[in-house]
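Undergrad: Take a look at this one; I'll ask things after.
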Amino acid sequence: MTLEKLGKEMKQLRKNKKWSQSDLEEYSGITKRTLSKMENGFMDEVGIKKVETILNLLGAEFAIRPKGRPKTLDELQNGR
């Protein structure tokens with residue numbers, strides 16, 4: 001997954017919770033500017049702790065899978 005795709009996924013998770021970037025800033029301690037750059041694909045790199053913090057607050061987690069393997073039924077149904 002690219003950082004751009006990760007950012008879009010995080011943005012969608014945030015919107016699903018009906019949280020603004022200001023809400024997420026308050027809960028995570030990560031600035032709105034950084035959140036915006038992450039969500040809109042304007043960061044070349046990002047610390048894994050920031051991503052972990054955001055995903056945890058949004059009720060998601062990292063998953064590692066072999067590169068190039070077919071998506072699971074769950075992944076296809078959830079549009080991942």
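Undergrad: Within region 2-25, track down each residue that is outside any helix (DSSP H, G or I) and either within 13 Å of the chain's Cα centre (by Cα) or touching a residue at least 40 places away in the same chain (Cβ under 8 Å) (or both).
TA: Passing the criteria: THR2, LYS17.
Listed here are the residues, each with its yes/no results for (1) at pLDDT 95 or above; (2) of a type in the set (Lys, Arg); (3) under 13 Å from the mean Cα position of the chain (by Cα).
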| position | (1), (2), (3) |
| --- | --- |
| TYR27 | yes, no, no |
| ARG69 | no, yes, no |
| THR72 | no, no, no |
| GLY79 | no, no, no |
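Undergrad: For the structure I just gave you, tell me whether MET38 is touching a residue at least 12 places away in the same chain (Cβ under 8 Å) and out of contact with any strand residue (DSSP E or B) (no Cβ under 9 Å at 6 or more places or on another chain).
TA: The answer is yes for MET38.
Undergrad: Considering only residues that are closer than 15 Å to GLU9 by Cβ and without any contact (Cβ under 8 Å) to a residue 24 or more places away in the chain, which ones fall in region 49-64?
TA: Within region 49-64, LYS50, GLU52, ASN56, GLU61, PHE62, ALA63 qualify.
Undergrad: While we're on this one: Among the residues of region 30-52, is any in a loop (DSSP other than H, G, I, E, B), of a type in the set (S, T, N, Q), at pLDDT 85 or above and farther than 14 Å from GLY7 by Cα?
TA: The answer is yes, given that some residue of region 30-52 is in a loop (DSSP other than H, G, I, E, B), of a type in the set (S, T, N, Q), at pLDDT 85 or above and farther than 14 Å from GLY7 by Cα.
The values are calculated or read from the model by the stated rules, or taken from the named source; none is laboratory data. Source: prediction; values computed, not measured. We place every Cβ from the backbone using ideal geometry, glycine too, and count neighbours over all the protein chains shown.
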